[in-house]
């Protein structure tokens, strides 16, 4: 038999399923010799007759993502470390940037990350050991990190030292009358203001008020509780307040001057002298 178009077989009994070509969009028809066919589709097309355009043909998935046709479109199955509709976003946490057991959390749409640090660590990547955890300060002191691996303790009242380990002997303000307390050999020493003495500045200096008059010199007595005045020549009294009328011996001719306690004097004359100042000879 001479086969007409669309038929084959010794007696032209077999219809050629590929004539005319049932495959669309340039697909190649492959007959299976039992009346059926299969279409070999060109890139970008799929379906039984190459009637469907393949959304994965352009390889839209980036970073080795796998393209899956879905509802007329496509879906990208991203490899570890990438996200996004086309696997275009690198997972900021993929490289495990957080140190010392920190937990990485993506932020800003997975463009950045933040590290949730475990106790005892800090820093953008938990790279800094927190010297304040556990708290090295004693007796309720507050630890303040200096961000260079060191710390300082802010001690509560009554304590001092690098770690607040020393009880402050000056905390109770033992010095009186505005004396300054100075820690010394485990105890304290009071630096007293002018006019005060004693281990706690509790004794007022009796001479502080300059009680001696007319150039008298004040001397503390009885443990600084009292004072005595050393009077200059010509003055007397507890405070050198009395001028001594006999200081210059106003009596003449060997007469003896006797003060009357009222600022005046009397001359006791020796014979044969008389007069107010023993100036007359009888």
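When only residues in the range 238-253 that are in contact (Cβ under 8 Å) with a residue 12 or more places away in the chain and surrounded by fewer than 16 Cβ atoms within 10 Å (Cβ to Cβ) count, which is farthest from residue 271 (Cα to Cα)? So that I can check it myself, show each step before the final result.
Step one: filter the range 238-253 for residues in contact (Cβ under 8 Å) with a residue 12 or more places away in the chain, giving 239-248, 250-253.
Still in the list and also surrounded by fewer than 16 Cβ atoms within 10 Å (Cβ to Cβ): 241, 243, 247-248, 250, 252.
Values: 241: 35, 243: 29, 247: 23, 248: 22, 250: 17, 252: 12 Å.
Across the range 238-253, the extreme among qualifying residues is 241.
May I ask you to verify whether residue 206 is modelled with pLDDT under 90, part of a loop (DSSP other than H, G, I, E, B) and under 30 Å from residue 193 (Cβ atoms)? Criteria met by residue 206.
A single entry from 183, 157, 194, 174 fulfils the requirement of being farther than 30 Å from residue 123 by Cα, surrounded by fewer than 18 Cβ atoms within 10 Å (Cβ to Cβ) and within 21 Å of the chain's Cα centre (by Cα): 157.
Would you confirm whether or not the range 244-265 contains a residue that is in a loop (DSSP other than H, G, I, E, B) and within 52 Å of the chain's Cα centre (by Cα)? No: zero hits. Taking the conditions (1) over 25 Å from residue 267 (Cα atoms); (2) surrounded by fewer than 18 Cβ atoms within 10 Å (Cβ to Cβ) in turn, residue 229 satisfies each one other than (2). In the range 92-125, which residue that is over 30 Å from the mean Cα position of the chain (by Cα) and surrounded by fewer than 17 Cβ atoms within 10 Å (Cβ to Cβ) is farthest from residue 150 (Cα to Cα)? Looking at residues that are over 30 Å from the mean Cα position of the chain (by Cα) and surrounded by fewer than 17 Cβ atoms within 10 Å (Cβ to Cβ), I get 109.
Does residue 83 satisfy the criteria of being closer than 30 Å to residue 46 by Cβ, buried (at least 16 other Cβ atoms within 10 Å of the Cβ) and outside the structural domain of residue 184 (by the TED database)?
On the way: closer than 30 Å to residue 46 by Cβ: yes; buried (at least 16 other Cβ atoms within 10 Å of the Cβ): yes; outside the structural domain of residue 184 (by the TED database): yes.
So residue 83 passes the test.
Among the numbered conditions (1) within 60 Å of the chain's Cα centre (by Cα); (2) over 30 Å from residue 137 (Cα atoms); (3) not in a strand (DSSP E or B), the only one that residue 228 does not meet is (3).
One residue stands out in the range 141-154 among those that are exposed (fewer than 14 other Cβ atoms within 10 Å of the Cβ) and part of a loop (DSSP other than H, G, I, E, B): the one that is modelled with the highest pLDDT, namely 150. Checking each residue in the range 214-226 for being loosely packed, with under 15 Cβ neighbours inside 10 Å and touching a strand residue (DSSP E or B) at 6+ places or on another chain (Cβ under 8 Å) picks out 215, 217, 219, 221, 223, 225, 226.
The values are calculated or read from the model by the stated rules, or taken from the named source; none is laboratory data. These numbers were taken from a predicted model, which means no experiment stands behind them. Don't worry about glycine lacking a Cβ; one is built from the backbone with ideal geometry, like all the others, and counts go over all protein chains shown.
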